Structure formats: C-alpha cells, structure tokens
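Beneath this line is the structure, given in structure tokens, with notes to follow.
Just so it is clear, none of the values below were taken in a lab; they were calculated from the coordinates. As the structure is a prediction and not an experimental result, all values here were calculated from the model. Glycine also receives a Cβ, built like all others from the backbone with ideal geometry; neighbour counts cover every protein chain displayed.
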Amino acid sequence: MPVTYSEKDQAPVWGEPPPWRTPEFWDQRASSFTEHDKGSGYADAFMKIIEMKSDWTVLDVGSAIGTLAIPLAGKAESITALDFSGKMLELLRQRCKDSGIDNIRTVHGRWEDDWNSLGIMRHDVVIASRSMPLGSARTAVAKLNEYARKRVYVVVAAGEGPRDGRIYAAIGRELNPPSHYGEINLLLAQQGLSAGNAFISYEDTSSYENHDQAFESLKRSIPEISAQEEEKLKSFLRQNLVRKDGRWKLYPVREIRWAVIWWDKEQNKKEVISSITAEI
Ligand SMILES: C[S@@+](CC[C@H](N)C(=O)[O-])C[C@H]1O[C@@H](n2cnc3c(N)ncnc32)[C@H](O)[C@@H]1O
C-alpha cells in the first residue's frame, strides 16, 4: 500500500465545501449534464485510455449520470457509482433501465463519508473523474488508493479546467484553479510510484438559447457573485456571445483540458512503506 497518510493527517480532514458546491448545485445541473456529456466526446476519449477486464469491479466516485459508468458497464463485471447528488443518481438509474444495464449499483453518499458504512468495499479499479474535492488532493488520493485493489484513475483539470478564465477576468476576479495535476504527480513520485499521464481536450460545447440563459448558467459557476459583478458579466456576454446555428456561444471557443493520472497498486509490493491502511 504505497500511498499513505502522513502522521499529521492520519485522520482524513476534508475542507468544508464552499456553499455553492453542494448537492443542490449538482442536482440543478443533472438534466443538462446528459447533453453536455454527449457533445464533448470526453467519455469516448477516457474509454480509449482506461484498461478494463471483464471480471474487474469498478468504484466510480462522483459518477454523476454515469458518464463513465454506463460505457464501462459492458466491459467490467460490476460498477459501484457513488455520488452525493440524488438527482444525478436518479438519472443514472433511469439510463440503466432504458438500456437494460443491471450491473451498476448506485450509492448516495459523499467523498467525505465513511465508505465502509455505506457498504462500499475494495474494488479492482477506482475512478474519480472530474470530481476531486477542492483543497489539497492528498487525503482524497490516499482514500482512492485504499479502496482500490489494482489500479486508480484520477482525472483533474489541466490548466483552467472547466471554468472560463475570461468570465472571471471580465468581472475582475482571478481564477485560481486547484493545482491537483502537479500535486498528485508529486505525491506519487514521492512515494516512488510511477504514474501514467494522458490528456483529454475538447472544445467547450456550452451553448445557450438566449442571453438570459447564458447569464443564469455562467453565474452559477461564480461563488457569491455580487450585483456589481452580475452587471459586468451581462456586459461581457453582450459583447462576446455570438449566434450560430440558432444558439448563442462564447467566442473564441476555448479548449477544455483534463489530465488523466493513473497508477497501479501492485508495483510497489516489496517496498517498505509504513501504511495506516485499515483492513477493508
Ligand atoms: C463534473 S461531475 C463529473 C461526473 C463524471 N465523473 C464525469 O467525469 O463526467 C462531478 C460529480 O461529482 C459529484 N460530487 C461533487 N462533490 C462531491 C462530493 N463531495 N461527494 C460526492 N459526490 C460529489 C457531483 O454531484 C457530480 O455528479
């Protein structure tokens, strides 16, 4: 068990999620996530990277509507999909029903919960795709590692990630995305683990029916936006939204880039590293 908690943070301490990053926030996004998910090509790109065997079990942390769980269902033995958004899981169950998929189990819970008490045991592969909690990645990475038998895949923003820095600049704020990419690679390197790295990029597929919808949608991604900032955002949208094919889009269209990081648990079997891993 190579990735360990340091003595200092043996008890996982999770930063309080900001009020805007709540299950309700994700519940509201659930229905639009399906469309967004289809358009980007993200799942297809991820499926080309992941190695899967038909007798492997998968834990998908922050599964949403099953962006990855659904395509993985036909390749793995079974999937446990964990998410704190009841709405996302409801849509995932509906998608399973519609497609006759019976090997995905949904678990309504949080990253921060004691997963054992939610009935989650070790799985062959653990995935956390675009769902890392904010703050340091150390505790989250150790937890994923703890629940994996064979391999862990983590997908984090490379660069700006899903947030649009132009929007932040327009309202006078600085966008400080978490630097999970560097942090996780460093953490693994410090443990003597070799990690695989790949990148998935696609054009931002967001488009809007009208200016009001664009404003409401983009506003949600800015925590505690003030009235003054709202006016700046509206003005920015007036200048930069362009109508194409009957929809409004921000131009120039930007690229969203994700880093996929993975590592095997087997590789360091012989290394003597003290571990606090509890028996699962
Ligand atoms: C951007 S979506 C990613 C979904 C999917 N894994 C993918 O890559 O398309 C993030 C998901 O993580 C879930 N999530 C965010 N914070 C969470 C937390 N603290 N505990 C459990 N789920 C969380 C959200 O509800 C949402 O469904």
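Taken about its Cα centre, the stretch 43-191 carries a charge dipole of roughly 80 debye when the Cβ of each Lys and Arg holds +1 and the Cβ of each Asp and Glu holds -1. One chain, two ends: residue 44 and residue 118. Fully extended at 0.36 nm per residue, the span grows by 23.6 nm beyond their Cα-Cα distance. With the alpha-carbon atoms of the chain aligned to their principal axes, the span from lowest to highest coordinate is 60, 45, 31 Å, starting with the largest. Do any of 75/143; 48/150; 87/150 go past 28 Å between their Cα atoms, and which? 87/150, as the Cα separations exceed 28 Å there. Of the residues 39, 115, 88, the one whose Cα sits farthest toward the positive end of the charge dipole of the stretch 27-117, with +1 on the Cβ of Lys and Arg and -1 on the Cβ of Asp and Glu, is 39.
The aspartates and glutamates within cross-link reach of residue 265, meaning a Cα-to-Cα straight distance under 19 Å and a gap of 8 or more places when in the same chain, are 51, 55, 60, 124, 146, 183, 279.
Using just its DSSP H runs of length 4 or more, each adding -39500 (n - 2.57), the chain gives a mean residue ellipticity at 222 nm of -10000 deg cm²/dmol after division by all residues. Size descriptors for the stretch 29-155, from the alpha-carbon set: Rg then Dmax equal 13.5, 39 Å.
I'd like the orientation of helix 23-40 relative to the chain: the angle between its Cα long axis and the longest Cα principal axis, in ° from 0 to 90, rounded to 10. So the helix axis and the longest Cα principal axis differ by about 80 degrees. Here's the list of aspartates and glutamates a cross-link from residue 249 could span, going by alpha-carbon distance under 18 Å and ignoring same-chain residues fewer than 8 apart: 35, 37, 164, 203, 204, 209, 212, 216.
Modelled label positions at residue 98 and residue 183, each set 7 Å beyond Cα in the direction of Cβ, lie 3.6 nm from each other. Between the stretch 106-172 and the stretch 200-240, what is the C-alpha centre distance in whole Å? Each part reduced to its Cα centre gives a spacing of 26 Å. So what's the angle, to the nearest 10 degrees on a 0 to 90 scale, between helix 86-99 and the longest Cα principal axis of the chain? Compared with the principal axis, the helix lies near 80 degrees. DSSP assigns beta bridges within the stretch 121-280; of those with both partners inside it, close to 75 percent run antiparallel. All other residues whose Cβ lies under 12 angstrom from that of residue 84 are scored, Lys and Arg at +1 and Asp and Glu at -1, for a net of -2. A quarter of the convex hull surface defined by the alpha-carbon atoms of the stretch 47-97 gives 3.3 nm² as the mean projection.
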